[in-house]
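K.L.:
The structure under discussion is supplied below as structure tokens; questions concerning it will follow.
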């Protein structure tokens, strides 16, 4: 059953991209996938550990706000910040018939989200900062000097720094923004763009690339409005998401601020070949040069 499924997948892939479309793949990419996946696993393990129990005062106004429902749930943020970039990269990669583009986009996004989750959960666990609505979750009993609220809500109330919603939204949406910027050349402001087209418009390209960041910003602001995070939590969480997305993107793609002019007129930058055998490449170039020389009347060596 599994063998038949793999055969169908391979046949479909070859029909879509051709057999030569995967010559770039190197086993080192498998190691990249492994480490990125390991970051996800470690983040999941750390999230299940009890956070540091910071001391508090029941008279502290910073943690005395009412517990309110989320404007944007954590699950919705998690899925949108993963599925929207994946879907966009997958559709565009299929339209451009580029297995390399799909692979690098998926791997870069997976790494960005994984490392972001690991850093965020590790800091949440060790810092143990109290949320603005902690006392509402705690339900402090003066007689017993203990919190009487639900244990799960109390523990979650100790995981304010940094904001997981903000880091998650910005890691996924920053990666998508960088991908769209490379695709459209929107950030190469000093270079000429193709004329007489909607996508040639600088403002149109800018709006397209910055739309994902608008969603991430909305998520971050809502965390302060809902009294789930302090402003410092949101700022640091957002920076973590932006940082992990930027590093992961630049590993596999060229700098969207420094595209060549011909890239802009072709419509997009190309993914970077991270692992290359320079000796093999040089041999192929020399061989091609010799064939070209023979074709023009040169004597073979």
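No lab work stands behind these numbers, since they all come straight from the coordinates. Predicted model only: the values in this text are computed from it and were never measured. Heads up, the Cβs are rebuilt from the backbone with ideal geometry, glycines too, and the neighbour counts pull from every protein chain shown.
K.L.:
Given N residues in region 72-148, what is Rg(Cα) / (2.2 N^0.38 Å)?
P.N.:
Region 72-148 yields a ratio of 1.77.
K.L.:
Follow-up. Roughly how many whole Å is it from the C-alpha centroid of region 89-165 to that of region 20-38?
P.N.:
Rounded to whole Å, the Cα centres lie 27 Å apart.
K.L.:
How big is region 122-215 in terms of Cα radius of gyration and Dmax, in angstroms?
P.N.:
That works out to 22.6, 75 Å for Rg and Dmax.
K.L.:
Hey, another quick one. Give me the Kirkwood hydrodynamic radius of region 28-186 in Å, from all C-alpha pairs, to one decimal place?
P.N.:
17.7 Å
K.L.:
On to the next question. What is the fewest-to-most order of 183, 176, 80 by other Cβ atoms lying within 10 Å of their Cβ?
P.N.:
80, 183, 176
K.L.:
Just want the ordering: 91, 221, from fewest to most Cβ atoms lying within 10 Å of their own Cβ.
P.N.:
91, 221
K.L.:
Moving on to the next point. Taking only C-alpha pairs under 8 Å that are 6+ residues apart, what is the relative contact order of region 72-155 in percent?
P.N.:
16 percent
K.L.:
Let me ask something additional. Fewest first, what order do 218, 110, 24, 253 take by the number of other Cβ atoms within 10 Å?
P.N.:
Taking fewest neighbouring Cβ atoms as first place, the list is 218, 24, 110, 253.
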